Amino acid sequence: MSRSYKVTGINLKGMPMGETDRLVTILTIEQGLVRVIVPGARKHKSRLGGRSSQFVVNELFIVQGKSLDKLVQAETIRSFPGLSADLARLTASQYLAELVLCQALSEQPQEELFALLVEQLQRLEQAHGNDILAVLTQGIMQLLIAAGVAPELDRCSVSQIDIAPDPTQSDWQVGFSPVSGGLVSLAQMSQRPMGSPRARMPVGRYARNSYPAAGRGLGRSPRSAPPTLITAQELSLLQQLSDSPVESLMPPLAPTGEEPSTRATWLKLERLLRQYAEYHFDRPIRSATLIDACFPVAAL
C-alpha cells in the first residue's frame, strides 16, 4: 500500500507536467523540500489549480509514489495576492524563493527556514513601492545568515583585523569580496590579488572553488575580479542588515520622492549580496536579472 503523509508547506515553484498536471516544489515544515505531482491542476475547473500556485501556503495530504509523490488534497492556510501587484514585488519574492531553494534540505524539518520565508514574503507584500528594494536586500542577508554563509562584515576576512566604518571621513572605503568571504582591508588589497591561492577562501557547506558560468553576466567572476570598494555608509547599512533581528524592518528608502542616489546605494548593496550568494551557492539567481529593470538608475 502507498504511504501517505500530511505536511504544511509553501509552494516555491511549479512547471507543467503532461497534458493537465503540474509538478510543484514545496517547502514544508515537517519534511523540508518535496516535489509532488498535482493531478489535473491545469484544468480550468481544477480544485487544486489555485492551491498549487506559487507562494500559497497549504495543509497538504500527499501519497507517496514510486518516483514522485502525488498531492491528493490541499487546504489553503494563507496566500500572498499582493506579491503579484507589480513586477518589482513579484520579482523580489521569486528572488527570495530561489535563495531558499539553494539552501533548503529534503527529508528534514525546515521550520525555521519556512517561517523566515513567510515573514519575508509578508514584508514584501506590505512594503510601499519605495521600500521594496530595501526589504529585499534585508531578506537576502537574513537568508544568508540562515544558511550559515553570511559575509564577514566586522573584520577583514583575510587578516582578521577589526574594521569599523568612519562616517566622518568622506573618502573612507573598504573592499568587499565574495571569494574572500566579505570585507577586505585596503592594506590587504594592496598586498596581494584576491584571486591568489594565498588569499583566504571561504569555508563551510556552500563554499565553492569556482563561480557559475551563468553568473558572469554581472561582470567578471569574483575569483578574477578585485574586491568592490564600498563607503562607510554602505558598510553601515550592510551591518544593520546583518545585525537586525528578523522581526525588524529596515527604514524605508525615502519618502515618495525618493532620490536616485538612495536607490543606487540600495541597488549596489543588492548586487554585492547577489554576487556573494551566487558564488557561495554555486548557481545564478535567475530572478535577479529583472531587478535592474525594476529599479533603474542613471548610473551606479
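The values are calculated or read from the model by the stated rules, or taken from the named source; none is laboratory data. No experiment lies behind these values; they were computed from the predicted model shown. Cβ: placed from backbone, ideal geometry, glycine included. Neighbour counts: every protein chain shown.
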Q. Quick one: His128 ticks every box in (1) in contact with a Ser or Thr (Cβ under 9 Å, 6 or more places away or on another chain); (2) touching a residue at least 40 places away in the same chain (Cβ under 8 Å); (3) under 22 Å from Thr289 (Cβ atoms) bar one, so which box is it?
A. (3)
Q. Filtering the stretch 271-288 down to residues that are in contact with a Leu (Cβ under 8 Å, 6 or more places away or on another chain) and either without any contact (Cβ under 8 Å) to a residue 60 or more places away in the chain or outside any helix (DSSP H, G or I) (or both), which residue is surrounded by the fewest Cβ atoms within 10 Å (Cβ to Cβ)?
A. Arg271
Q: Inspect the stretch 61-68 for any residue being at pLDDT 95 or above, of a type in the set (A, V, I, L, M) and outside any loop (DSSP other than H, G, I, E, B) and give the result as yes or no.
A: yes
Q: Kindly check whether there is at least one residue in the stretch 1-13 that is hydrophobic (A, V, I, L, M, F, W, C), assigned to a strand (DSSP E or B) and closer than 27 Å to Ala293 by Cα.
A: yes
**Q.** Candidates Val149, Val179 - the one that is surrounded by fewer than 24 Cβ atoms within 10 Å (Cβ to Cβ) and within 15 Å of His280 (Cβ to Cβ)
**A.** Val149
Q: From Leu23, Leu27, grab the single residue that is of a type in the set (A, V, I, L, M, F, W, C), without any contact (Cβ under 8 Å) to a residue 60 or more places away in the chain and buried (at least 17 other Cβ atoms within 10 Å of the Cβ).
A: Leu23
Q) Of the numbered conditions (1) closer than 27 Å to Glu234 by Cβ; (2) among the small types (Gly, Ala, Ser); (3) free of Cβ contacts under 8 Å to residues at least 24 places away in the same chain, Gly139 satisfies every one except a single condition; which is it? A) (3)
Q.
If the requirement is being at positive phi and touching a helix residue (DSSP H, G or I) at 6+ places or on another chain (Cβ under 7 Å), which of these qualifies: Phe55, Phe80?
A. Phe55
Q.
Need the failing condition index for Val158 against (1) in a loop (DSSP other than H, G, I, E, B); (2) among the β-branched types (Val, Ile, Thr); (3) surrounded by fewer than 21 Cβ atoms within 10 Å (Cβ to Cβ), just the number.
A. (3)
Q | Subset of the stretch 14-45 (residues that are among the hydroxyl-bearing types (Ser, Thr, Tyr) and outside any strand (DSSP E or B)) | A | Thr20
**Q.** Residue in the stretch 179-194 that is assigned to a strand (DSSP E or B), modelled with pLDDT of 50 or more, under 16 Å from Pro151 (Cβ atoms) and in contact with a helix residue (DSSP H, G or I) (Cβ under 9 Å, 6 or more places away or on another chain) present
**A.** yes
Q: Could you figure out which of (1) at pLDDT 95 or above; (2) closer than 26 Å to Ile230 by Cα isn't true of Leu105?
A: (2)
**Q.** Of residues in the stretch 242-292 being modelled with pLDDT under 65 and charged (D, E, K, R), the one nearest to Val100 (Cα to Cα)
**A.** Glu247
